[in-house]
Amino acid sequence: MQGATIRSRPVYPGLAIAPLARRHIFALEGEGAGALLDIAGDLTPEVLGRSQILYVARGSLGVGHHGALQTLGAAFWAAPTVQPLLGRLDVELSRSHMGTRLYLAGTEGFIGQAMQVAAAHGIDPASVITEHRGSRARRVQCVHCKGVTEGVTASPFTCGHCGLNLYVRDHYSRRLGAFQGVNIDAEEPGAVPPPEELYL
Amino acid sequence: MDTAYSATHRPETFRDETFRGDFSYANSPGNIRHFPFPFHEDHYRYSVNIEPHVPGLPGSAFEHLIDVDEHYLAEMADRAQVLAEDPLRYQALPHMMLAQWDTLELLMEEQARAYPHLFTLERNGDQWRWINRPLGIDDTFTFGDPSTLPREPLDYICRQTQGDIALMDQREGNLWMDAGMITAQADWSLDFDVGMNFHEWHAPVPLAPQMGVFDRALKYLLNLQVGKPVRRLNWTMTINPRLDTSPETYPKWGPDRTTVTPENVGQKVHLRVELQSLWRLPRSNGMLFVIRGYMMRMDEVVTVPKWGRRLPRVLESLPPELAEYKGLSRYRQTTIDWLKRHDDGAPTSPGIFPD
Ligand code: HEM
């Protein structure tokens, strides 16, 4: 279950082209490339002519979709990791005008971070078209030290910053683009259950 | 009737006490009947328990709409300490400035009206003078000009008001928690929740969403009118009279929950009640949410026979999800067993007030 019952968690309805947009920016991470490739039939030459694709392959998966994306024929730029991709997205959005549509596809942590970039440009999150693809790993903020740990697949896990044992609470902040991590053995220090791979 | 109870609530002296370390917090005997006991019957379920916030029984926490009591100074000192350690307990998104001024006005007006011996507000056009005698403050400022106050208006007035405060913006048919000062919370994080809407910040609450509680409550609140505030009571329990039970500091206070024994229930276990009031703000159309907290240890609760009978019955009636959410699981039974000694099984009268 993807936890559709967590009411603070966004829903990711899936990519669909907004035909009237004057510009389309696609930020795709890892398996998120497939979300765009699957609707390639809707990418008319007109749409492609107004599109910019930003892509980062997910290292752990080894395979990239560079070739397939490039063949679409839109402006294409590939980043080596997520951080430069977000930097480039920031630049694109700062130069975009009214009528630009943003599309995000990939893991939830990636979508969350790209949403933060978009929010900094005053883009209404409800206008961003999203699709969750790939790993269900969670991006988690430690509620104690406020450090963010990326790619959390198990609960409990060790905070990468303060070292506390955290469980992942079913509560998501769009502002932070992260789930909440809470110390699991606060009441009885040392009483930590074995981790379960819940978010593969 | 008890004279302390029928008398108007007019705090003259403030207790010198702590909410950490040696935990010297206590209620003086005259203040016990001031406590807003939250159970009007012998069992408890979530409900849309909203009623008009109008002045209530003299001497009770409901007498004045913004209640000040003998814990005022100690609570303000604890708040200052929390903020010094963790500035993220105060948050205000930029578009909330007008709502900040609305809030400052409301809290100054209400406190000065109810407690003229403690607070005075002089308004001369936009030149305002605020005197807070317990805290030794006498400031003159220009209403609407943040540069004339030592802090942002919300920060300034929250440091002089008992209770946590959240400020909501209303838009898109929802309420958005876009500002607040939260230093005495029952285990939720303003820093995490700021910017969320009504359904999002309530996401961790069990059972209530399925009961439709939040949908109905939101619908009601969206139509709240200026000058017609409403209130509800919420409650939990806290081990030791600690105000700062935030998620941030959970490793500090979590271990307290394992320290309850049959011998120390009376001293350690506290009923913690939030008298929550909601106010439409006139200029910003925002909403003010005051979470006024009260704590009372079991020894004090059972001095009111009706409360001593009722509380163990309520605790026994709780659905397990609710007990777990409120963090009572480790000490609930020990507390019930202790309280049962004060329950002779006699029927209790309806309503929250002592007989
Ligand atoms: C508009 C102002 C309100 C704010 C800012 C607010 C905020 C909150 C927060 C932050 C929590 C804790 C959630 C967590 O566990 O992280 C909570 C819990 C809760 N809220 Fe609200 N709330 C508001 C209004 C209401 C109203 C009108 C109701 C009416 C039914 C309500 C019912 C509840 C209930 C039942 C809980 C669970 C409390 C418990 O069992 O201890 N809230 N609220």
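Read-outs throughout are calculated quantities, based only on the coordinates presented, and are distinct from any laboratory measurement. Keep in mind that this is a model prediction, so the values were computed, not measured. Positions of Cβ are backbone-derived with ideal geometry, glycine not excepted, and every protein chain shown enters the neighbour counts.
What are the semi-axes of the equivalent ellipsoid for segment A:6-117, taken as the square roots of 5 times the Cα gyration tensor eigenvalues, largest first, in whole Å?
Working: eigenvalues 75, 60, 44 Å².
The three semi-axes for segment A:6-117 are 19, 17, 15 Å.
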Using only the C-alpha atoms of chain B, find the volume of their convex hull and express it per residue in Å³. 132 Å³
The cysteines in the protein assembly as shown that find no other cysteine Cβ closer than 4.7 Å to their own Cβ are B:CYS158
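Restricting to Cα pairs below 8 Å that are 6+ residues apart, what does the relative contact order work out to for chain A? Please round to a whole percent.
Relative contact order here is 21 percent.
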HN-Hα couplings for segment B:150-167 via Karplus (6.51, -1.76, 1.60; θ = phi - 60°), in whole Hz with x for Gly/Pro, come out as x, 9, 4, x, 5, 4, 4, 7, 5, 6, 10, 10, 6, x, 6, 9, 10, 10
What 222 nm value per residue comes from the helices of chain B, counting each DSSP H run with n ≥ 4 as -39,500 (n - 2.57) and dividing by all residues, nearest 500 deg cm²/dmol? -7500 deg cm²/dmol
At q = 0.19 Å⁻¹, what is the base-10 log of I(q)/I(0) for segment A:138-197 according to the Debye formula with one equal point scatterer per Cα and no solvent? Please give it to two decimals. -0.59
Given segment B:194-249 reduced to its alpha-carbon atoms as identical point scatterers, what log10 I(q)/I(0) does the Debye formula return at q = 0.12, 0.14, 0.29 Å⁻¹? -0.44, -0.60, -1.22
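Loop-only trypsin sites (Lys or Arg not before Pro) in segment B:112-218, please: DSSP not H, G, I, E or B, and at most 13 other Cβ atoms within 10 Å.
The qualifying sites are B:ARG151.
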Treat segment B:53-106 as a sphere of radius equal to its Kirkwood radius over Cα pairs and apply Stokes-Einstein at 20 °C in a medium of 1.002 mPa s; give the translational diffusion coefficient in µm²/s, rounded to a whole number. 154 µm²/s
Taking the square root of 5 times each eigenvalue of the Cα gyration tensor, what semi-axes in Å does the equivalent ellipsoid of chain A have, largest first? 33, 17, 14
For B:LEU222, B:LEU281, B:LEU106, ascending order of other Cβ atoms within 10 Å (fewest first) is B:LEU222, B:LEU106, B:LEU281
How long are the three semi-axes of the equivalent ellipsoid of the protein assembly as shown, in whole Å, if each is the root of 5 times an eigenvalue of the C-alpha gyration tensor, listed from largest down? 47, 29, 20
So for segment A:75-200: antiparallel DSSP bridges make up what percent, rounded to the nearest 5? 65 percent
Distance from a point 7 Å along Cα→Cβ of B:GLU85 to each backbone N in segment B:235-250: keep the residues under 12 Å and list them by number. B:242-250
Can you list the lysines whose alpha carbon sits under 28 Å from that of B:LYS219, skipping same-chain ones fewer than 8 residues off? B:LYS228, B:LYS326
Helix A:82-94 against the longest principal axis of chain A: what's the angle in degrees, Cα atoms only, rounded to the nearest 10? 50 degrees
How large is the convex hull of the C-alpha atoms of segment A:24-73 per residue, in Å³? 61 Å³
Highest-MSF residue in chain B out of B:THR245, B:THR258, B:THR183 [GNM, Cα springs under 10 Å]: B:THR258
